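Below is one structure; the comments refer to it alone.
The values are calculated or read from the model by the stated rules, or taken from the named source; none is laboratory data. Here the structure is a predicted model, which is why all the values come from computation and not from measurement. Here the Cβ is made from the backbone with ideal geometry for all residues, glycine too, and neighbour counts use every protein chain on show. Calculation scope for accessible area: heavy atoms of the full protein, side chains included, ligands and nucleic acids excluded. Shrake-Rupley method; radii C 1.70, N 1.55, O 1.52, S 1.80 Å.
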Amino acid sequence: MRCFVIITGMRSFIKKIICLTGLMITAITLFAAEVNVRYVGSEVLDVKASASVSAKTVEKLTYGDAVRLVLEKGKWSQITTESSKKGWVLTASLSKRKLTSKNMTVNTKELALAGKGANAGIEAAIDQNYNEHFDEVDKVEAGKVSEEKILLFIKEGQLNGGEE
Amino acid sequence: MKKLSVAILCSLSLIFTSCATLDAFVAVAKTMESVSKGGDGTSAPDQNKNAKQSDEERQDAIAASVMTALEEITPEDQYVIGRAVASSVIGKYSLYENKAATEYLNKILAVIVRNSENPYLYKGYFVAILDTDEVNAISSPGGHIFITRGLINQAKSEDELAAVISHEVAHIQLGHAIQSIRATRILDATSKIWAEIDYNKGTYSKEELEDFNKTREGIFSTLVESGFSKAQEFNADENALVLMKDAGYDPKCMIDLLNTLKSNTSGSGWSKTHPKPSNRIEKSQKKLNKINFNGSSKEVRQKRFDAAKTSF
């Protein structure tokens, strides 16, 4: 009798293990298809023709865009975009976690690509109640220097250009 | 038997989830939780409906808490909070609007970040000058760096300015400002404010706005009043030395600057929010000994630094 109970218990246990292992394998198989997907973590991200900051830009992506990771090389990743273009981006600008902009509507996405802020809505709201300085923050952000000037600055100062 | 079952599943999950996403991990966690409750060999009849409901709620709560605990603050959230912090910094001090000097600093910054592992953030990095004699430098999690006129005037070379900027870039890249505030607080604040704002009407509730501002004030207070922890400061110095070397700036100039600050800045904002320069020199020197710098001498850049300094 005791032996029968043990055998029944064992069968039940083995069934559970087989069932749950099957579940896990299914989950992992489904996941494997998505394992190479990454999401853009910058408002605008230039996809470069080669692994160099000074390489030609082949496509511009915006925050939350999904790309497929092809390979990683140093701090660079080769990716394929949704429009099937292949190029290189810095690995640190990609996220494994799905990113969805809370403020990136079609209009604000266009604004972002035009180099304007996508955060105007929230700040207009805050600015009404607090003594804010967002106009001056805009001035700070407008202080970025052109690529041409930076390259000259690097050359004259015998500095490094961000190549691998 | 139940324990053995859970142990086997744990082992399997460890093997398979080494490269798994968060979602997959949570799915496994939920399954394991389910097994640990119902896997005792008995059937369900003796469990009444209420108990089942309670179990489901408990599982949902566990899954939700796992998700919350592992939730990251997005680059967009960091940028939004960072802009608000930058607004507070400008409110406390004033911008020193000198186009030539600001452009010079932004060129140095651009070289440092393009040689780093994370040159983008959400919208990039920016540097501006604060119009005060106080010796200090502050960075927001959104990539905004502020250096006071007082600190700029202590620098004797472009490479020393690069040391200041690299230190702030390191704080940003290491996420120190964000770490100073509980992650859940930032998530609460940003998600509520995003959810509440009606973009057409610009409306929001007072409560949500207060949450957002408490978060901003928490970060601002760390940056301006209490400072980061000593460990974070030393870590930022060590990373700054690598950033300098990678950009082609002489990392030894970090030590030169700290020596100047050692004798010139007692009681200033910098000394209030940073460890003693002598301690920073000691730690930085140890790291410096391990760095092999093959770049050009700071003298190459001295002429343009001297020219730029006349505009400070």
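For B:Asn259, the stated conditions do not hold, so it cannot be described as outside any helix (DSSP H, G or I), open to solvent by 10 Å² or more (accessible area, probe 1.4 Å), free of Cβ contacts under 8 Å to residues at least 40 places away in the same chain and of a type outside the set (Val, Ile, Thr). Remark: B:Lys286 falls outside the filter, which requires a residue to be in contact (Cβ under 8 Å) with a residue 12 or more places away in the chain and in a helix (DSSP H, G or I). Is the range B:209-223 home to any residue that is closer than 25 Å to B:Asn98 by Cα and surrounded by 14 or more Cβ atoms within 10 Å (Cβ to Cβ)? Yes: one or more hits. Go through (1) of a type in the set (Phe, Trp, Tyr); (2) surrounded by fewer than 20 Cβ atoms within 10 Å (Cβ to Cβ); (3) touching a His at 6+ places or on another chain (Cβ under 7 Å) and name the single condition B:Phe228 misses. Result: B:Phe228 fails condition (2) only. Taking the conditions (1) at pLDDT below 60; (2) within 12 Å of chain A (Cβ to nearest Cβ) in turn, B:Phe212 satisfies each one other than (1).
Keeping to the range B:264-280, report how many residues are surrounded by fewer than 18 Cβ atoms within 10 Å (Cβ to Cβ), in a helix (DSSP H, G or I) and at pLDDT 80 or above. Qualifying residue count for the region: 2. Applying the criterion of being among the charged types (D, E, K, R) and in a helix (DSSP H, G or I) to the residues of the range B:79-106, the residue that is surrounded by the fewest Cβ atoms within 10 Å (Cβ to Cβ) is B:Lys99. Here B:Met244, B:Met254 are screened, and the one residue that is under 16 Å from B:Ser166 (Cα atoms), within 14 Å of chain A (Cβ to nearest Cβ) and part of a helix (DSSP H, G or I) is B:Met244. If I filter the range A:121-143 for residues that are in a strand (DSSP E or B) and at pLDDT 70 or above, do I get at least one hit? Looking through the range A:121-143, none of the residues is in a strand (DSSP E or B) and at pLDDT 70 or above.
Yes or no, residue by residue, for (1) at pLDDT below 95; (2) basic (Lys, Arg); (3) part of a strand (DSSP E or B):
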residue: A:Val5; (1), (2), (3): yes, no, no
residue: A:Ser12; (1), (2), (3): yes, no, no
residue: A:Phe31; (1), (2), (3): yes, no, no
residue: A:Asp46; (1), (2), (3): yes, no, yes
residue: A:Lys98; (1), (2), (3): yes, yes, no
residue: A:Lys109; (1), (2), (3): yes, yes, no
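Can you find, within the range A:153-162, the residue that is farthest from B:Asn118 (Cα to Cα) among those that are of a type outside the set (Phe, Trp, Tyr) and within 9 Å of another protein chain (Cβ to nearest Cβ)? Per the stated criteria, the residue is A:Glu156. For the range B:107-139, a tally of residues being assigned to a loop (DSSP other than H, G, I, E, B) and facing chain A (nearest Cβ under 9 Å) returns 11. Return the total of residues in the range A:48-65 being open to solvent by 30 Å² or more (accessible area, probe 1.4 Å) and part of a strand (DSSP E or B). Total satisfying the criteria: 4.
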